[in-house]
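Heads up, the thing below is written out as structure tokens.
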Amino acid sequence: MEDKAYRLLGQQLNISGKRAKELIDRGLVYVGDKKLKIARAVMPEDTKFRVEMPSKIDKIYEDDDILVVNKPAFLDVYEVEASFSDAALIHRLDRETSGVLLLAKNEEFLKKAIEAFRNRRVKKFYTAWVEGVIYEEMVIDLPIHTIKGPKSISKVNKRIGKEAITIVKPNEVQGKKSKVDIEIKTGRTHQIRLHLSHEGHPVVGDEQYGSPTKSKRILLHASKIEIFGKKYVAPEPKDIVRYK
């Protein structure tokens, strides 16, 4: 016997079909090591599902102006924002990206912080596992054009793209994978993912930009942000500390 995936998941977890579909659409449901992408896919009724729920949101720092959290992977930034009644997003991270996320506690600070991001007075650092071996520092200076949609995609486009600069430094090598530390001078959509892919080193698990490796998520972590003379650091999750 077969049925649609969201119905089977709902039966197994004793939840509504709507809730099961939400879990699948958020990319939290796996069959073996493969992420289930289509909620209405027809599957055998004995299919075993695994749900990878996000970790809790840890606060890194808070005062009257700013709230800094360590965003778990698989949690949308708007879900993080909704978890705090008195804070508004200053910037964004991709859903699968973990790490430092800044929220403002008042309108005055929000405007000041957004202006700092816009004028490149904020330093942004990431850590990632990538395909292939990287031994030397790379400075990737390639303009990016983003096509917006339900699933935005960015491309290198020297004619109409916006300036984008990514600095990549080797950290360690494990087999045919490299751990790298990254600083971005600009903040284009999917900048790190696209730039590394363009150089032949897509982020592990990033199927959209060419990673052949199956992973529970895209192995990218926002490790540190420096703004207004202060540094905020998010501890690396286990999947970033060491690749398998």
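What follows is calculated from the coordinates using simple rules that are stated; it is not laboratory data. Being a predicted model, the structure only gives us computed values, none of them experimental. Positions of Cβ are generated from backbone atoms using ideal geometry, with glycine treated the same way; all protein chains shown enter the neighbour counts.
Dividing the convex hull volume of the alpha-carbon atoms in segment 2-51 by its residue count gives 58 Å³ per residue.
Where both bridge residues fall in segment 58-241, DSSP classifies roughly 95% of the beta bridges as antiparallel. Please list, or write none, the lysines whose alpha carbon is within less than 18 Å of the alpha carbon of Lys169, excluding same-chain residues fewer than 8 places away. Output for Lys169: Lys123, Lys124, Lys177, Lys179, Lys185, Lys224. Full extension of the chain between Lys148 and Arg120 gives 7.8 nm of extra length, using 0.36 nm per residue less the Cα-Cα distance. Here is the tail figure for segment 146-187: Cα pairs spaced more than 13 Å apart come to 68 percent of all pairs. Between Lys59 and Lys155, the simple label model (points 7 Å from Cα in the Cβ direction) yields a spacing of 4.6 nm. The stretch between Val173 and Thr47, if pulled fully straight at 0.36 nm per residue, gains 41.7 nm over its current Cα-Cα span.
Restriction of the trypsin sites (Lys or Arg not before Pro) in segment 142-177 to DSSP coil positions whose beta-carbon has at most 14 other beta-carbons within 10 angstrom yields Lys148, Lys151, Lys158, Arg159, Lys176.
Rounded to the nearest 500, the 222 nm mean residue ellipticity of the chain from helices alone is -5500 deg cm²/dmol, with -39,500 (n - 2.57) taken per DSSP H run of at least 4 residues. The calculated FRET efficiency for Glu199 paired with Ala88, based on their beta-carbon distance and R0 = 25 Å, is about 0.10. Site pair Tyr135 and Glu236 shows an inter-label distance of 2.1 nm when each label is modelled 7 Å from Cα along Cα→Cβ. Projecting the Cα positions of Gln12, Ala41, Ser85 onto the charge dipole of the chain (unit charges on Cβ atoms of Lys, Arg, Asp and Glu, taken about the Cα centre) puts Ala41 furthest along the positive direction.
Largest GNM mean-square fluctuation among Ser223, Ser197, Ser83, using the chain with Cα springs under 10 Å: Ser83.
Between Lys185 and Gln11, residue separation times 0.36 nm minus the direct Cα-Cα distance comes to 57.9 nm. The distance between label points at Lys244 and Glu226 comes to 3.6 nm (points 7 Å beyond Cα on the Cα→Cβ vector).
Using a Gaussian network model of the chain in which every pair of alpha carbons under 10 angstrom is joined by a spring, one finds that among Ile153, Ile218, Ile144 the greatest mean-square fluctuation is at Ile153.
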